[in-house]
Amino acid sequence: MKLVDGFQRHIDYVRISLTDKCNFQCFYCRPKQAEKVFLPSQAYLSKEDIEKLFLVLGKLGIKKVKLTGGEPLLRKDICEIIQSLSQNPYLKDISMTTNGFFLEKMARDLKRAGLHRINVSLDSLKEDTFHKISQTFSFSKVWKGILEALETGFKQIKLNVVLIKGMNDNEICDFVELTKKYPLTVRFIEFMPTKRTLIDQKKYYLSNMEAQAKIREHFTLISNLSDIHTGPSRYYKVDQGQGRIGFISPLSHNFCDRCNRIRITAKGKLRLCLFGDNDEIELLHLIRSKADEELQELILKSIVKKPLRHSLENGGAANVESFVSIGG
Ligand code: SAM
Ligand code: SF4
């Protein structure tokens, strides 16, 4: 069975938030004023819930899963969750997006559990700027985690860099330089507005076109055509580069026509579009009541409502409190 939306887009990829808790406070994601009220653990998807949900999603054609959050490595049962997903006969790709704080300690266990790929968020290579952005002095720790992940044998490690004017735009070429030395993919992401970050977003937004122009002053970018249609990122290489450079431009270059994904929130809601019109559909009660057929029906019925494109131009930011609850 295939999951096809109302615009004939085939959905085979799920991003699932495992928690809305985080040990960082990146100002573009979890600003200081964000409330710190967390619900009891039963309100969140358990390992068993996730296992069951992905068996149903697998039958519907889901092949790829990204574990995100909040910070997914804060889940004590993260390795068990990965292990159980790696037994799922439908899933071909299990990856994670992490802030990297616990990676040095956990990279080997994650690999052993069955994690295929890792993305690490890294907005600066300087301890003071890293602190300004995340409120933690964790650059060296995260960097050690990345080296450990390379050492452990993770391939295609991606570093996600949110572009922030006046904070990390003076490091854009240093990030590109990293791809010469290491087999890392650096992806520059445009700062997206949410309800809580609207004002900062206006102040700090830098487009990927501006970032590319800066890079082209110092490097020749070679287009990596083979990857161009595999996701929202446009990929390039520099001469003799071991890694790649990617640009994710949700604002300056809309990629919704190629969207192949849906999201599951930490509390078990299906979200059809990152910036959709408050389109969350409650799944937890059906997952827990072991009503597999009803769950499948509900997902199939909901998917046709997936919007053609995000509504950012029409105030869609108001539909997202912050990414920490959805997983980005
Ligand atoms: N804690 C993990 C991490 O930082 O990778 C996973 C969750 S985080 C919400 C997932 C991704 O969303 C990160 O790469 C982060 O940089 C990105 N993100 C969060 N808020 C954003 C925003 N306002 N604009 C663009 N990207 C954002
Ligand atoms: Fe936490 Fe990731 Fe959001 Fe930063 S981007 S606050 S690390 S969830």
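Taking only pairs six or more apart or across chains, which ones have beta-carbon atoms under 6 Å, a first residue in the range 13-31 that is over 10 Å from Gln135 (Cβ atoms), and a second residue that is in a strand (DSSP E or B) and among the hydroxyl-bearing types (Ser, Thr, Tyr)?
Pairs that qualify, where the first residue is over 10 Å from Gln135 (Cβ atoms) and the partner is in a strand (DSSP E or B) and among the hydroxyl-bearing types (Ser, Thr, Tyr), are Arg15/Thr68; Ser17/Thr68.
Taking the stated definitions as given, is Phe139 among the hydrophobic types (A, V, I, L, M, F, W, C), more than 30 Å from His310 (Cβ to Cβ), open to solvent by 10 Å² or more (accessible area, probe 1.4 Å) and within 18 Å of the chain's Cα centre (by Cα)?
Working: among the hydrophobic types (A, V, I, L, M, F, W, C): yes; more than 30 Å from His310 (Cβ to Cβ): yes; open to solvent by 10 Å² or more (accessible area, probe 1.4 Å): yes; within 18 Å of the chain's Cα centre (by Cα): no.
For Phe139, the condition - among the hydrophobic types (A, V, I, L, M, F, W, C), more than 30 Å from His310 (Cβ to Cβ), open to solvent by 10 Å² or more (accessible area, probe 1.4 Å) and within 18 Å of the chain's Cα centre (by Cα) - is not met.
Of everything in the range 5-23, what is within 26 Å of Asp49 (Cβ to Cβ) and hydrophobic (A, V, I, L, M, F, W, C)? Give them in sequence order.
So in the range 5-23, the residues within 26 Å of Asp49 (Cβ to Cβ) come out as 5, 10-23.
Ile11, Val14, Ile16, Leu18, Cys22 - these are the residues of the range 5-23 that are within 26 Å of Asp49 (Cβ to Cβ) and hydrophobic (A, V, I, L, M, F, W, C).
Residue check, Lys158 against (1) within 16 Å of ligand 2 (Cβ to nearest atom); (2) open to solvent by 20 Å² or more (accessible area, probe 1.4 Å); (3) more than 22 Å from Met209 (Cα to Cα), all met but one. Which one?
With (1) within 16 Å of ligand 2 (Cβ to nearest atom); (2) open to solvent by 20 Å² or more (accessible area, probe 1.4 Å); (3) more than 22 Å from Met209 (Cα to Cα) applied to Lys158, the lone miss is (3).
Looking only at strands (runs of 3 or more DSSP E) that fall completely inside the range 199-282, which ones have 2 or more residues that are over 23 Å from Phe7 (Cα atoms) and at pLDDT 85 or above? Even if it seems obvious, please write down each step before you answer.
Values: elements: 221-223, 233-238, 244-248, 261-264, 269-271, 280-282.
Ranges flagged: 221-223, 233-238, 244-248.
Go through Lys305, Lys267 for me and flag whichever is within 16 Å of ligand 2 (Cβ to nearest atom), surrounded by 14 or more Cβ atoms within 10 Å (Cβ to Cβ) and over 22 Å from Glu190 (Cβ atoms). Steps first, please.
Details: Lys305 fails: within 16 Å of ligand 2 (Cβ to nearest atom).
Exactly one of Lys305, Lys267 is within 16 Å of ligand 2 (Cβ to nearest atom), surrounded by 14 or more Cβ atoms within 10 Å (Cβ to Cβ) and over 22 Å from Glu190 (Cβ atoms), namely Lys267.
Would you mind finding the one in Ile118, Ile94 that is surrounded by fewer than 24 Cβ atoms within 10 Å (Cβ to Cβ), in contact (Cβ under 8 Å) with a residue 12 or more places away in the chain and out of contact with any Pro (no Cβ under 7 Å at 6 or more places or on another chain)?
Numbers: Ile118 fails: surrounded by fewer than 24 Cβ atoms within 10 Å (Cβ to Cβ).
The match here is Ile94.
Give me the residue from the range 39-65 that is open to solvent by less than 10 Å² (accessible area, probe 1.4 Å) and outside any helix (DSSP H, G or I) and, out of that set, farthest from Asp292 (Cα to Cα). Reasoning before the result, please.
Here is the first cut: in the range 39-65, the ones open to solvent by less than 10 Å² (accessible area, probe 1.4 Å) are 45, 50, 53-54, 56-58, 60, 62, 65.
Those left that are additionally outside any helix (DSSP H, G or I): 45, 60, 62, 65.
On the way: Leu45: 16, Leu60: 12, Ile62: 16, Val65: 20 Å.
It comes out as Val65.
Consider only pairs whose beta carbons are under 6 Å apart and that are at least six residues apart or on different chains; among these, list those whose first residue lies in the range 125-140 and is over 13 Å from Val162 (Cα atoms) and whose second residue is outside any helix (DSSP H, G or I) and open to solvent by 60 Å² or more (accessible area, probe 1.4 Å).
Glu127/Phe137; His131/Phe137
Out of the residues in the range 271-310 that are touching a Phe, Trp or Tyr at 6+ places or on another chain (Cβ under 9 Å) and within 16 Å of ligand 1 (Cβ to nearest atom), state the one that is nearest to Asp257 (Cα to Cα).
His310
Given the options Phe188, Phe175, Phe137, name the one that is in a strand (DSSP E or B), of a type outside the set (Ser, Thr, Tyr) and over 20 Å from Pro72 (Cβ atoms). Quick ask: steps written out before the conclusion?
Working: Phe175 fails: in a strand (DSSP E or B); Phe137 fails: in a strand (DSSP E or B).
On inspection, the qualifying residue turns out to be Phe188.
Taking Glu151 as the residue in question, decide whether it is more than 21 Å from the chain's Cα centre (by Cα), within 16 Å of ligand 1 (Cβ to nearest atom), farther than 23 Å from Ser322 by Cβ and at pLDDT 90 or above. Please lay out each step first, then the result.
Working: more than 21 Å from the chain's Cα centre (by Cα): yes; within 16 Å of ligand 1 (Cβ to nearest atom): no; farther than 23 Å from Ser322 by Cβ: yes; at pLDDT 90 or above: yes.
Taking the combined requirement at face value, the residue does not satisfy it.
Going by the structure shown, is Asn119 polar (S, T, N, Q), more than 16 Å from ligand 2 (Cβ to nearest atom) and outside any helix (DSSP H, G or I)?
Answer is no for this residue.
The values are calculated or read from the model by the stated rules, or taken from the named source; none is laboratory data. Bear in mind that the values here come from a model prediction, so they are computed numbers and not experimental data. Cβ: placed from backbone, ideal geometry, glycine included. Neighbour counts: every protein chain shown. We work out accessible area using only protein heavy atoms, side chains counted, and drop any ligands, DNA or RNA first. Shrake-Rupley method; radii C 1.70, N 1.55, O 1.52, S 1.80 Å.
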